[in-house]
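J.: Starting off with a structure, shown below.
The values are calculated or read from the model by the stated rules, or taken from the named source; none is laboratory data. On a predicted model such as this, the values are computed, not experimentally measured, just so you know. Every residue, glycine as well, gets a Cβ built from its backbone with ideal geometry; the counts of neighbours run over all protein chains shown.
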Amino acid sequence: MVPYCLNTVWLMKLSGFFSVAMVTVILSPSLQSFPPAEAIRSSNLEEYLRFPTQTSSDDRFSYRIAPAFRNADECSLTDKKKNKKKTFKRKGVCDPSLVHVAITLDVDYLRGSIAAVNSILQNSLCPEDIFFHFLVSETNLETLVRSTFPQLKFKFYYFDPEIVRSLISTSVRQALEQPLNYARNYMADLLEPCVRRVIYLDSDLVVVDDISKLWATSLEKMTIGVPEYCHANFTRYFTDGFWSDKWLSSTFTGRNPCYFNTGVMVIDLVKWRQFGYTKLIEKWMEVQKRDRIYELGSLPPFLLVFAGNVAPIEHRWNQHGLGGDNIKGSCRNLHPGPVSLLHWSGSGKPWLRLDSKKSCPLDSLWAMYDLYGHLI
């Protein structure tokens, strides 16, 4: 059954964006499957993005202040069952009751990141129990986040681009070469040791279900949990040279590797630190620099290390590909089945398409969480 966010209540919310006919199209997804596409960065958002910290009288755009999101009564009942006293003290990052979410922040994707955070808070039963970890390579965004979400629990972590710059090889798209794309490889080092698990999310998505359900995913003995897509042609993510080299291709021996999208991952940071997966990913990036074994950016190293050894998560938690491929104006429908997370992986980002008046039907679902707009 589709989560409550896409049922009758949501249809009422959509009335300002679509006609009844368009809503029918949105909620009747095509049965056609399509190859997944890794999310890429947009480079032209900065042209019209203006920060509220600027003083120019011409600034007519900014981020609206999000409403205060409070825990439902059920949250305190859950605490009582765990023999915890109800408290109004601000929970620190090491509080074991917190749900930890990591997202990158930069100018190009800032509008998407803000919408993602807003969607998570809106659809959570216990939003005050969520702690956000923002990975940044710019230090001037914290004021904006704090002014947009005054009561948000969060911390900024600076990721030095030089750490990974020499390891990045050329990609089929220049956008995939951005150092911040690789910050997720280093979360085990960046985040406090007391943070034992984290949900990593890309910035071009919205969550339309309670994220605590994703947080509760059992990883069993695995380090990461992801939705797998075994219908995809796995071989196409690596070059012919990789597959013809017995030493290289033998890395998948004894594994049943399937494609997965790295934009939604539940990660056991304790196991990650224990087995040194950051170093393993770096070693594959070094091989790529020498032998050119793949054409994409930060995705293939994750496949090399983890494909075939992941905890499966329901596909509802990554309805990806909504940004289409590299064809401008390419619109996609939802996959069949329930939806908990909508992901605009691909080249078409909803905020850019909406502003250009060339939006796709599903872009209005993203627009419900957009906090960027006219002040007057």
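J.: Restricting the first residue to the stretch 181-209 and requiring it to be free of Cβ contacts under 8 Å to residues at least 60 places away in the same chain, which pairs with a second residue that is crowded, with 22+ Cβ neighbours inside 10 Å and in a helix (DSSP H, G or I) meet a Cβ separation below 6 Å and a spacing of at least six or different chains?
T.: Matching pairs, first to second residue: none at all.
Listed here are the residues, each with its yes/no results for (1) outside any loop (DSSP other than H, G, I, E, B); (2) modelled with pLDDT under 95; (3) closer than 18 Å to I211 by Cα.
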{"site": "S56", "(1), (2), (3)": "no, yes, no"}
{"site": "S62", "(1), (2), (3)": "yes, yes, no"}
{"site": "K85", "(1), (2), (3)": "no, yes, no"}
{"site": "V101", "(1), (2), (3)": "yes, no, yes"}
{"site": "I114", "(1), (2), (3)": "yes, no, yes"}
{"site": "S119", "(1), (2), (3)": "yes, no, yes"}
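J.: Then there is this: Could you please find all residues in the stretch 146-162 being touching a Lys or Arg at 6+ places or on another chain (Cβ under 8 Å) and in a helix (DSSP H, G or I)?
T.: Answer for the stretch 146-162, where residues must be touching a Lys or Arg at 6+ places or on another chain (Cβ under 8 Å) and in a helix (DSSP H, G or I): just T148.
J.: Let me ask you something else. Filtering the stretch 122-145 down to residues that are touching a Leu at 6+ places or on another chain (Cβ under 8 Å) and part of a helix (DSSP H, G or I), which residue is farthest from Y63 (Cα to Cα)?
T.: Among residues in the stretch 122-145 that are touching a Leu at 6+ places or on another chain (Cβ under 8 Å) and part of a helix (DSSP H, G or I), the one farthest from Y63 (Cα to Cα) is D129.
J.: Still on this structure, please answer the following. Within 26 Å of E138 (Cβ to Cβ), surrounded by 14 or more Cβ atoms within 10 Å (Cβ to Cβ), modelled with pLDDT under 90 and over 14 Å from the mean Cα position of the chain (by Cα): is that true of L49 in this structure?
T.: Considered against the rule, which asks whether it is within 26 Å of E138 (Cβ to Cβ), surrounded by 14 or more Cβ atoms within 10 Å (Cβ to Cβ), modelled with pLDDT under 90 and over 14 Å from the mean Cα position of the chain (by Cα), L49 comes out as yes.
J.: Further question on the same structure: Could you please let me know if R292 is surrounded by fewer than 23 Cβ atoms within 10 Å (Cβ to Cβ), under 30 Å from D210 (Cα atoms) and of a type in the set (K, R)?
T.: Considered against the rule, which asks whether it is surrounded by fewer than 23 Cβ atoms within 10 Å (Cβ to Cβ), under 30 Å from D210 (Cα atoms) and of a type in the set (K, R), R292 comes out as no.
J.: Would it be correct to say that D245 is acidic (D, E), modelled with pLDDT of 95 or more and exposed (fewer than 12 other Cβ atoms within 10 Å of the Cβ)?
T.: Judged against the criteria, D245 is not a match.
J.: Just checking, how many residues over the stretch 262-293 are more than 22 Å from the chain's Cα centre (by Cα) and either within 22 Å of I199 (Cβ to Cβ) or without any contact (Cβ under 8 Å) to a residue 12 or more places away in the chain (or both)?
T.: Summing the residues that are more than 22 Å from the chain's Cα centre (by Cα) and either within 22 Å of I199 (Cβ to Cβ) or without any contact (Cβ under 8 Å) to a residue 12 or more places away in the chain (or both) in the stretch 262-293 gives 7.
J.: Can you confirm whether S250 is assigned to a helix (DSSP H, G or I) and either acidic (D, E) or without any contact (Cβ under 8 Å) to a residue 24 or more places away in the chain (or both)?
T.: yes
J.: Could you tell me how many of the residues in the stretch 234-244 are touching a residue at least 40 places away in the same chain (Cβ under 8 Å) and either hydrophobic (A, V, I, L, M, F, W, C) or not in a helix (DSSP H, G or I) (or both)?
T.: Residues that pass the stated criteria total 4.
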